[in-house]
Amino acid sequence: MKILGIETSCDETSAAVVDDELRVHSNIIQSQIDLHERYGGIVPELASRRHIVAILPTIELALEEAQTTLDKIGAIAVTEGPGLAGSLLVGVNVAKALSWSRDLPLIPVNHLEGHIYANWLRPADDPEWSPPEFPVVCLIVSGGHTELLLMREHGTYELLGQTIDDAAGEAFDKGARILGLGFPGGPAIQKAAANGRTGQHPLPRAWLGESYDFSFSGLKTALLREAEQYRRPRGGRTRASESDPFQTHEPVQYGPNVPIADIAADYQDAIVEVLVNKTARAARDYRAATVLLAGGVAPNALLRKRLQAAVSVPLRYPPVILCTDNAAMIAGAAHFNTRRGDRAALDLDIHPRLPLTTKTAIKS
Ligand code: KG4
Ligand code: ZN
């Protein structure tokens, strides 16, 4: 059976066709970065309006690229949450309309479950590929989430820890805005840091005792304090606190000879060190057979390298295109739902703050 996946939870309009073997036949992703980058972050109203315009052509393209038609699709899978309410509504309503008009089962998918199951999608070019072995410790790191989970089997998620304030991706995005590096911040900071030296600008790490929780807001404030000494005086105001870069859409102005690369390197190091340390400890404590990375921050090269060195079991992560938001991961996760006989009725609604915790995401 082929599943048509639909994902519109944030700022990517995506549709994909995935089969029973977890092979991706198409995965069309229409990014909205051009729309939001001038604001340094996502503007929800603009995001939902763009989804409305893009969703039907995206679905048509996904079917065309998979060389299939709606007649040959066995089910529709759609992200029900968490995400932006207006954005989620577009995908859920299109999915409901398709499901009703074609009499197809409608499978709701938790967005975070989708990120995790990107690790189960079968690569086209690797005949040796095998699925991750349980128990799995999974670090989900995205623009909206930082969650450390234990999966003992399909569809069960024990929350070991999560961020108590900013998500890791948000820390990258806000840090990049402070440093004037653009949006999205993760790739920008990684690129700047590649030319920098660490150890020049010590920044704090929030360990939060023995817990598996994370906190990045203190680090972000420390970065602001570190960076403000280099800001170019503007209209007689030199202190960042008087013109808060978290609030303004104007790019920060720095004077000449500012060690942006070095500061970016220390900032990235501080985020990655905490993520790696806690994930590796969880993998040891819970005797994980596999460690998974998932979400938009998972492509970070330093995170992958340090985590690989810190764990003694295989570290798996999806290819970059399947780490950021996409519909193939939603269709992939839905395959595991259908095997459990899960079906959603047409009264399916959005859940902007849907959590992913033990046995709540998949009803059995
Ligand atoms: O999963 P995603 O596409 O959207 C959410 O569901 O939030 O994640 C987007 C996040 C952004 O914060 C972006 O800055 C971050 O992923 N990101 C990275 C990298 N590439 C994207 N963060 C660190 N290093 C990267 N290479
Ligand atoms: Zn996401």
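The values are calculated or read from the model by the stated rules, or taken from the named source; none is laboratory data. What you see is a predicted model; the values in this text were computed from it and never measured. Neighbour counts run over all protein chains shown; Cβ positions are idealised from the backbone, glycine included.
General observations
- Of everything in region 82-113 that is within 14 Å of ligand 2 (Cβ to nearest atom) and within 21 Å of ALA54 (Cα to Cα), the residue that is nearest to the chain's Cα centre (by Cα) is HIS111.
- Just one of the numbered conditions (1) within 24 Å of PRO131 (Cβ to Cβ); (2) surrounded by fewer than 24 Cβ atoms within 10 Å (Cβ to Cβ) is not true of ALA118: (2).
- If the condition is being surrounded by 14 or more Cβ atoms within 10 Å (Cβ to Cβ) and either free of Cβ contacts under 8 Å to residues at least 40 places away in the same chain or not in a helix (DSSP H, G or I) (or both), then region 192-204 contributes GLY196, THR198, HIS201, LEU203.
- Residues located in region 29-43, provided they are in a helix (DSSP H, G or I), touching a residue at least 40 places away in the same chain (Cβ under 8 Å) and touching a helix residue (DSSP H, G or I) at 6+ places or on another chain (Cβ under 9 Å): HIS36, TYR39
- Boolean, TRP120 is away from ligand 1 (no atom under 14 Å from the Cβ), under 24 Å from ILE6 (Cβ atoms) and modelled with pLDDT of 95 or more: yes
Results for (1) in a strand (DSSP E or B); (2) without any contact (Cβ under 8 Å) to a residue 12 or more places away in the chain, shown as yes or no for each residue.
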{"residue": "GLU45", "(1), (2)": "no, no"}
{"residue": "ILE52", "(1), (2)": "no, no"}
{"residue": "LEU56", "(1), (2)": "no, no"}
{"residue": "ILE59", "(1), (2)": "no, no"}
{"residue": "GLU80", "(1), (2)": "yes, no"}
{"residue": "GLY91", "(1), (2)": "no, no"}
{"residue": "VAL94", "(1), (2)": "no, no"}
{"residue": "ALA97", "(1), (2)": "no, yes"}
{"residue": "SER101", "(1), (2)": "no, yes"}
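- Residues of region 205-218 satisfying the condition of being outside any strand (DSSP E or B), of a type outside the set (Gly, Ala, Ser) and under 25 Å from the mean Cα position of the chain (by Cα): ARG205, TRP207, LEU208, TYR212, ASP213, PHE216
- Filtered by the rule that a residue be without any contact (Cβ under 8 Å) to a residue 40 or more places away in the chain, out of contact with any Leu (no Cβ under 7 Å at 6 or more places or on another chain) and surrounded by fewer than 16 Cβ atoms within 10 Å (Cβ to Cβ), region 298-312 gives LYS305, ALA309, SER312.
- Selection within region 151-170: residues that are of a type in the set (Asp, Glu) and in a loop (DSSP other than H, G, I, E, B). The member of this set that is surrounded by the fewest Cβ atoms within 10 Å (Cβ to Cβ) is GLU153.
- Any hit, region 127-141, residues being within 16 Å of ligand 2 (Cβ to nearest atom), closer than 18 Å to PRO319 by Cα and either outside any strand (DSSP E or B) or among the acidic types (Asp, Glu) (or both): no
- Residue match in region 329-337 (condition: in contact with a Pro (Cβ under 9 Å, 6 or more places away or on another chain), within 16 Å of ligand 1 (Cβ to nearest atom) and modelled with pLDDT of 95 or more): yes
- The number of residues in region 81-98 being within 14 Å of ligand 1 (Cβ to nearest atom) and either out of contact with any helix residue (DSSP H, G or I) (no Cβ under 9 Å at 6 or more places or on another chain) or on the phi < 0 side of the Ramachandran plot (or both) comes to 5.
- Subset of region 7-28 (residues that are in a strand (DSSP E or B) and within 14 Å of ALA66 (Cβ to Cβ)): SER14, ALA15, ALA16, VAL17, VAL18, ARG23, VAL24, HIS25, SER26, ASN27, ILE28
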